[in-house]
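The structure appears below as structure tokens.
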Amino acid sequence: ALPSTLPSTDALRRRALDVLARLDAVPAEGHGVRARTPITGGSLLDLAATTADAAEEAVAAAHAAFLTWRAVPAPRRGELVRRLGDLLREHKADLADLVTIEAGKIRSEALGEVQEMIDICDFAVGLSRQLYGRTIASERPGHRLTETWHPLGVVGVISAFNFPAAVWAWNTAVALVCGDTVVWKPSELTPLTALACDRLLARAADETGAPREVHRLLLGDRVLGELLADDPRVALVSATGSVRMGRQVGPRVAARFGRTLLELGGNNAAVVAPSADLDLAASAIVFAAAGTAGQRCTTLRRLIAHEDVAGALLDRLTSAYGRLPIGDPFDDATLVGPLITGQAHDAMRHALDTARAEGGKLLAGGGRRLAQAAPAAFYAEPAIVRVEGQNGIVREETFAPILYVQTYRTLDEAIALNNAVPQGLSSSVFTRDVGEAELFTSATGSDCGIVNVNIGTSGAEIGGAFGGEKETGGGRESGSDAWRAYMRRSTATVNYSDRLTLAQNVSFL
Ligand code: NAD
């Protein structure tokens, strides 16, 4: 069943306003930021952009709040995040509505995004009692050597359109329990979702007695992000987005010796070995490559299939691609929603043209759907392109559903192909051979931050550290010990003897 009807922009505006009213977050109209929906391409609301002066004031307020928040015991700080998690549970469907309206995600993925926010809140609450330091054996008698983690300061969060709420929660839930305060510059494409998140956190703060200024929201374009990058009161800039953005933000923050946590683009591959369960692999590949209309940082963009199974695998994939329901993301039958903008669609067309000019062969998809029903919306058929080698466009991340397919003979060759791109976010191997799986995940295997076996490249869960190497930026967020990026380490040596002993047996006086 191919959904062919789309809701009207008016209906989507009403739905968004109803949600905002329930959250007590209806914004005043203004100008500078336009809320729109990729479902129809229509405009929803005009909002006031944050001025440079107001942004300055927001950083000052967050900095002042930090000076008191850092002294609140961490488990008490956790109470704020626990309340935020409760409010997210209560308003899960509301927030998911805004994610679908502004980012175009299908219903189950939008709900999944809010679930991920709930999960990180739970994780951070646990963390609030586990910000462990170490005690280290001192070489000196009567001395104790310890390492303690202290709150860092204001965290500037810059986020992308494609996870308009979860990336904020990953950063904010952890930063808050670590004793930091947050100033958030969301994507200019998803302001309503940002207003809703900000409002829920403000409620949680009011209800738990935390200062409101632990969080401030800046609505506007990259200029506000640049302001965060340049402000010495912002101790850490956690920026999620394109490599282009990271190349600009990284050096600016480094110039003032600030810290960055960069979560940038990916160019993720899956290797399918001869022993793989091809049905399982095909299902995983279709979700990873076509899900979210190819607009995840972990989207599968390169398929490296063993030459003995490539044909059978491609038969399964082209047949599945031919049946993908594309259209209204609110329709439960839909699996592929719209691209975010016309520029995203232009980028997809350009990549397909370039791939063909470079000798690639289109095996499936690539067309546009629903252009008559909604000329300002861009619904693309996920595409599969057979390529030879990885020299041209295949090396780039095109933020759209294009899967480039190539074949390999030996696993070493497949690993080399996996690693031979500038990005290093996510990777997968499909195999039932333990030796192959272990090699792929070993030091001489995939060079990515995320290495999966028998699941696709996308859909990470809270608990593991998330991020990637090389041009992906090197940052790690959300799970494991990623919290350390949000704190500063202090090493203390305490002499509890009545003698002065110098290290390394140095004698003096
Ligand atoms: P984008 O780079 O266009 O924008 C991201 C954010 O950065 C926006 O808020 C934008 O206003 C801001 N920005 C842009 N240039 C800036 C500058 N010079 N200084 C300060 N701020 C600036 O990205 P997008 O199109 O919104 O999102 C898609 C990209 O994000 C893809 O490349 C995707 O792979 C990446 N992404 C990465 C992760 C990850 O965790 N690694 C997660 C989600 C998205």
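Annotations for the structure displayed:
- Taking 1.306 mPa s as the viscosity and 10 °C as the temperature, the Stokes-Einstein diffusion coefficient of the range 392-509 based on its alpha-carbon Kirkwood radius rounds to 88 µm²/s.
- Taking the charge dipole of the range 390-509 about its Cα centre, with +1 at Lys and Arg Cβ atoms and -1 at Asp and Glu Cβ atoms, the residue from LEU500, PRO401, ASN452 reaching farthest to the positive side is LEU500.
- Full-stretch length increase - ASP53, ARG14 - with 0.36 nm per residue and alpha-carbon distance subtracted: 10.8 nm
- The range 1-74: equivalent-ellipsoid semi-axes (sqrt of 5 x gyration tensor eigenvalues, Cα, Å): 36, 17, 11
- With semi-axes defined as the square roots of five times the eigenvalues of the C-alpha gyration tensor, the equivalent ellipsoid of the range 184-253 measures 25, 15, 9 Å, largest first.
- Computed from point charges on the beta carbon alone (+1 for Lys and Arg, -1 for Asp and Glu), the dipole magnitude for the range 350-509 about its Cα centre is near 340 Debye.
- Point-charge dipole on Cβ atoms (K/R +1, D/E -1) for the chain, about Cα centre, debye to 20: 860
- Inter-part distance where the range 423-470 and the range 264-303 are each reduced to a Cα centre, Å: 12
- Solvent-accessible area, 1.4 Å probe, carbon plus sulfur percent, for the chain: 51
- Under 5 Å from the amide H of SER159 lie the amide H atoms of LYS185, SER187, THR240, each residue being 5 or more positions distant or on a separate chain, with H modelled from the backbone and absent for Pro and chain starts.
- Per residue value of the accessible surface for the chain (all protein chains in place, 1.4 Å probe), Å²: 40
- Straight-distance crosslink candidates among lysines, where the alpha carbon sits under 26 Å from LYS92 and sequence neighbours closer than 8 are dropped: LYS105, LYS185
- A Förster radius of 30 Å, combined with the Cβ-Cβ distance separating ALA312 from ALA443, puts the computed FRET efficiency at roughly 0.40.
- Rule-of-thumb Rg ratio for the chain [Cα; 2.2 N^0.38 Å; N residues]: 1.03
- Mean-position separation - Cα centroids, the range 65-118 and the range 148-179, in angstrom: 12
- Inter-label distance, nm, simple model (7 Å from Cα along the C-beta direction), LEU502/GLN343: 6.1
- Sparsely packed GluC sites (Glu not before Pro) within the range 314-411, loop by DSSP, other Cβ within 10 Å at most 14: GLU388
- Taking trypsin sites (Lys or Arg not before Pro) across the range 442-500, the ones in a DSSP loop with at most 15 further Cβ atoms lying within 10 angstrom of their Cβ are ARG499.
- Restricting the range 426-509 to chymotrypsin sites (Phe, Trp or Tyr not before Pro) in coil, as DSSP defines it, with at most 16 other Cβ within 10 Å: TYR496, PHE508
The values are calculated or read from the model by the stated rules, or taken from the named source; none is laboratory data. Quick caveat, the model's predicted, so the values are computed rather than measured. Glycine also receives a Cβ, built like all others from the backbone with ideal geometry; neighbour counts cover every protein chain displayed. With ligands, DNA and RNA removed, areas are computed over all heavy atoms of the protein, side chains included. Shrake-Rupley method; radii C 1.70, N 1.55, O 1.52, S 1.80 Å.
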